[in-house]
Structures are given as C-alpha cells and as structure tokens.
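See structure below.
No value in this document is a laboratory result; all are computed from the given coordinates. What you see is a predicted model, and the numbers here were worked out from it, not measured in a lab. As a convention, Cβ positions derive from the backbone with ideal geometry for all residues, glycine included, and neighbour counts pool all protein chains shown.
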Amino acid sequence: MQTPSFDILVIGSGAAGLTLALSLADHANIAIISKSPLLDSSSQQAQGGIATVMAKEDSIESHLRDTLKAGAGLCDPIVVKFTVEQARPAIEWLISQGVMFTQEETPQHKAEKQKTKGLFHLNKEGGHTHRRILHVDDKTGYVVVHTLAHQALNHQNITCFTEHTAIDLICEHDQCIGCLVLDNHAQELKLFSAKKIVLATGGTSFVYSHTTNADRTTGDGIAMAYRAGCRIADMEFQQFHPTCLYHQNSTFLISESVRGEGGILILPDGTRFMSAYDKRLELAPRDIVTRAIKTEMDKHHLDHVYVDITHKPAEFIQKRFPTIYQRCLDCGIDMTKEPIPVSPAAHYTCGGVVTDLSGQTTLKNLFAVGETAFTGLHGANRMASNSLLECLVFAVSAAKTIEHELQQLPFSKINSKTDIDFHETEKQKTTHLPVESLYQSQMSFHGLAQIDPSILVSQRGGEEKATGVYMSYMTVANDDANKAENQKTKGI
Ligand SMILES: Cc1cc2nc3c(=O)[nH]c(=O)nc-3n(C[C@H](O)[C@H](O)[C@H](O)COP(=O)(O)OP(=O)(O)OC[C@H]3O[C@@H](n4cnc5c(N)ncnc54)[C@H](O)[C@@H]3O)c2cc1C
C-alpha cells in the first residue's frame, strides 16, 4: 500500500480547499485530494456571487444585521461580525489571484471608474438590504474555481490527487494523523499521513431526491469527522433553494439574482403570490420564499410554479444571465419570452463539523472549512452569497493558524515510531476492505431525504427528524464497509 506523506492534507478542491491550500503553499508541502476532477465542485456551480460590503451606502453593521435576521436568531454574532469584517481582505486576496469581478458599465460609472478605479457591479439578493453581491456575470463560482485551480496546479508545493476519495480519518492518541484514501481509477487504497488534515468536502444536499447539488455532495467529510468523534451541529438546518429549474432532463439553479433583477414568482394562471407571505416579496430570505412556494404548490396541487422576468428587455436578460439563458434555451425555454418553471430543491447544509474561528475542529490537528464546517455563521438559514464568503474567510483564517502551529513543530515529518505504528496497524485494518463498495455506497444515499416542511421551519423544530435522517445516513456509511465485508465472508 502506498503511504504518501505531506505537511498538510486538504480533502476537497472547492473554493474552501483551494483557498486554504494556496494560502499555505509558500510555507508547507500540501496534498489536495478530490474524489472528482479538480474543477468539479459545488463552488464552480455558484452563479450568484459573494456578499461583501462595497457600496458607499452599505455598512458592516448592515451586512451583520441582515445575516443575523436571515439566520432566525440562531447565528453566532461574534462569528458573523468576524466574517463580514474579513470579507473585504478575502475579496482582495481573490482579486490578487486573478479573479476579475464584473464592473459597472453605465456611462456615469465608466467616467467615475477612471477616477476611482474598480467600481464593481453589485447584485441584490434575498435578505440583503443593500446591493452587495460581487459577481462574475452569472458564473462567479466557475471563474473563482478555475482561477484558483490554475494557481494550485502551477504551485510547486501543491500536489493534486484527483479522483481520489477519502474514506476515513486515521487517528492515534486523540489526534488526527492521516486519512485512508481510495484511488478511484486504480481501485487501490492509500494511507496519507499529514501534520494537519483539513476537511473541505462540501455539504450533504445530494442525499435529497430533488437537489441543486451534484452527486459528489454526500457529506463525506461530516460523516468522517462524526465517526472520528468530532462534534457535529445543526444538521437539521438544511436550506432549500426556492427556484430550481423544474424540467425532466435538468435540475439547474435559477439564481436568486433573477429575482434580484425584478423576476416575480407566479402561479400557472399568472397570479403573483409572495405578497401573501412577506412584505419583501420575492426577495424575502430563502426559507420564507421556499415555504411560500411549497404552500402554493400543495394548495393548487402543482409540481412547480414560475419565475417570470419577461417584462425586462431581452437584451438585458441575455447579457445579465448568459448561462441561465442558455441552459433554459437548451431545455426549450426562452426566458426572455416565457416564465421559467421552478420548484424548491435541497441546496445548502447549514450545519456541519463544529469549528472555532480558525477552522479547528474538536479533534487535534483536524480542521474543517467551507460547507463541511459549522462555524455559527448561518444559524437556521444561510443568507444568499454568504457561503462562498465563509469558504474564503475561514480558509484564510485556518491557514494562518496552521502556519503558526507548523512553525512550533520540529522540522521532521511524523516521527519514525508513529510511522511504523501507522503502517502496521492501519494496513492490517484496511487491507481487506471491499474497495469497490466504498465508492458506490455513497451514491445509494441519493433520495434518502425528501423536502419536508417541518425541516423548512426556521426554528428548532423538525430537528429530531432531520438529524435522524442524517445520523442514520452517517451510521450506514460507517457500517457499509463492515456489512460488505461480512457479506463477502458469508459468500453473499
Ligand atoms: C448550484 C449552486 C449555486 C450556488 N450559488 C452560490 C452563490 O452564488 N454564492 C454563494 O455564496 N454560494 C453559492 N452556493 C453554495 C456554495 O457554492 C457552496 O456552499 C460552496 O461552494 C461550498 O464550497 P466548499 O469548498 O466547501 O465545497 P465544494 O465546492 O462542494 O467542494 C467539495 C469538494 O470536496 C470533494 N469531496 C467530497 N467528498 C470527498 C471525499 N470523500 N474525498 C475526496 N474529495 C471529496 C469534492 O469532489 C469537491 O472537490 C451554490 C451552490 C450550488 C450547488
């Protein structure tokens, strides 16, 4: 069995994993492993953008207030303050890596830009009282991930292992020392050892039958941390995006910014209904809009409602939403001429592996960043475009702590005694694992959970149910190897 050894092992190549790796790469020897190709992550699907206070009329206090309000009183105010304050430096870091955010284009702005340099176009999304969403057209995540992946691939201290699936954390003497990893193509197990291990494996939304997330989003990092004894929190707060394209061949997100630019929600007969639910109408926070749509769908026995932006000029729609426009067109829907059929879908996991402000979990040497982590930022409901922000801010913060802690360590890698124990005990434990079942097992969880109004409630309720679903998922994941092993032994 191969036993690669690194200073830092980053599991996951989304915005969080890539940011952390690049922030540390000048100081440490880093492995990034990803069960998918490097560019394949929820991060690269993000259309809307990244929330940051940029406009003159906006303020840190306002971003903080909006986030607390969207989180239904369950955010940690210290964490929210930390995040919104660190947003600007995180964005500046991203720009320094080469991300070019969309800029204003009106003649007035063009003139001002010459004087003030860098007037970004800012979107407005649900729950935000100001325009504060930086974006790259409607493909923000794609550009961010491509830019960071390019940097990572070209950094001499970063080695990328794509199509490698982390199976379980290896712990010894109450600390994390590595990870058991499956090489998907070679169908071989490898034992990675590292001084610091970082979980950046994203959320759990693919366990739901209707989801905006791709099949890689099976909560592996949260499950691994749970099995290693880490604290997990708030798994009951699963966010449902209100407007996912409703089409037999595609589940594509119709970004909140379509409503931000004036799109309205209507029933098949054209009736607008959000005024019955919230005075912020279509730009109420996501949980409120989702509940409203679900209520209307139940009341009228519908599979979907519509988002309609046809009142805007076709040229504006095509320019502002090139990706959404094209994806809808591919499904035979011209959004400049007809409303888009939409329904809610599982989108974001607010809970996760409990960390402090530096991404440290409750297990020594194990960090968690991005959607895998529970930092306390989102409370019961993540506000739009705060998650990529969380990825950046906490990855940078974790990187600073890790760099500091590495400086305190002796220069040598894991000492030879630990190395021998690691090889012998873990090799024995893992040589008989049924390799083929490990990867396939993740796929069988898709559809385990359904949209359930009790889980949509922004308060502690539905908790038992949602936590129950997830805990059984994690236990099943844990048991799967044993079960398959038993079946093999029994010749089943
Ligand atoms: C369609 C869509 C649109 C969105 N739009 C926005 C938006 O506009 N703004 C915003 O702020 N947020 C948005 N979000 C949410 C946001 O994109 C995610 O919360 C964020 O990108 C998560 O980043 P991450 O780095 O934590 O994880 P991800 O980007 O999900 O990356 C996880 C990585 O871990 C890897 N991985 C998973 N399991 C394993 C394993 N066992 N072994 C090895 N590797 C593994 C995956 O292959 C992947 O590389 C959107 C999400 C979706 C799905």
- Task: Alpha carbons only, please: Rg and Dmax for segment 1-103, in angstrom.
- Result: 17.0, 59
- Entries of Lys35/Lys337; Lys35/Lys195; Lys124/Lys400; Lys279/Lys299; Lys299/Lys337 with Cα pairs more than 29 Å apart: Lys35/Lys337; Lys124/Lys400
- Task: Specify the inter-centroid distance of segment 345-405 and segment 142-217, based on alpha-carbon positions, in whole Å.
- Result: 16
- Task: Starting from the Cα of Asp174, step 7 Å along the direction of its Cβ; do the same at Leu153; then give the gap between the two resulting points in nm.
- Result: 4.4
- Query: What net charge do the residues around Ala314 carry, taking every other residue with its C-beta under 10 Å from that of Ala314, with Lys and Arg at +1 and Asp and Glu at -1?
  - Reply: +1
- For segment 158-167, 3J(HN,Hα) per residue [Karplus equation, 6.51 cos²θ - 1.76 cosθ + 1.60, θ = phi - 60°, Hz, x = Gly/Pro]: 10, 10, 9, 10, 8, 6, 10, 10, 6, 9
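Stretch Lys299-Asn184 to full length: gain in nm at 0.36 nm per residue minus the Cα-Cα span?
Taking Lys299 through Asn184 to full extension adds about 36.8 nm, to one decimal.
Around His27, under 13 Å between beta carbons, what's the net of Lys plus Arg minus Asp minus Glu among the other residues?
Values: positive: Lys195, Lys196, Lys400; negative: Asp7, Asp26, Glu403, Glu405.
Summing Lys and Arg as +1 and Asp and Glu as -1 gives -1.
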- Dipole of segment 174-233, positive direction: furthest Cα of Val198, Gly219, Asn184, with charges on the beta-carbon: Val198
- Query: Fewest to most neighbouring Cβ within 10 Å: what's the order for Thr271, Thr375, Thr102?
  - Reply: Thr271, Thr102, Thr375
- Item | Pairwise label distance in nanometres, Arg88 with Lys56, each label 7 Å out on the Cα-Cβ vector | 1.5
- Note on the structure: Total charge of the residues flanking Asp183 in space, meaning their Cβ is under 12 Å from its Cβ, with Lys and Arg +1 and Asp and Glu -1, is 0
- Note down the Stokes-Einstein diffusion coefficient of segment 238-347 in µm²/s, whole number, using a Kirkwood radius over alpha carbon pairs, 4 °C, and 1.567 mPa s. 94
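Express in nm, to one decimal, how much length is gained between Arg131 and Arg231 on full extension, taking 0.36 nm for each residue of separation and deducting their alpha carbon distance.
32.4 nm
Full extension from Asp330 to Gln407: what is 0.36 nm times the residue separation minus their Cα-Cα distance, to one decimal in nm? Before the final figure, lay out each step's value.
Numbers: separation 77, 0.36 × 77 = 27.72 nm, distance 5.28 nm.
Between Asp330 and Gln407, full extension yields 22.4 nm more.
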- Got a sec? Which residues in segment 40-82 would a label at Thr162 touch, if it sits 7 Å along Cα→Cβ and we count backbone N under 16 Å? 40-45
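Which percentage, to the nearest 5, of the DSSP beta bridges contained in segment 26-183 is antiparallel?
70
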- Query: With contacts defined as alpha carbon pairs under 8 Å and 6 or more residues apart, what's the relative contact order of segment 238-347 in percent?
  - Reply: 40
- Note on the structure: Listing Ser43, Ser343, Ser96 by rising number of other beta-carbon atoms within 10 angstrom, fewest first, gives Ser96, Ser343, Ser43
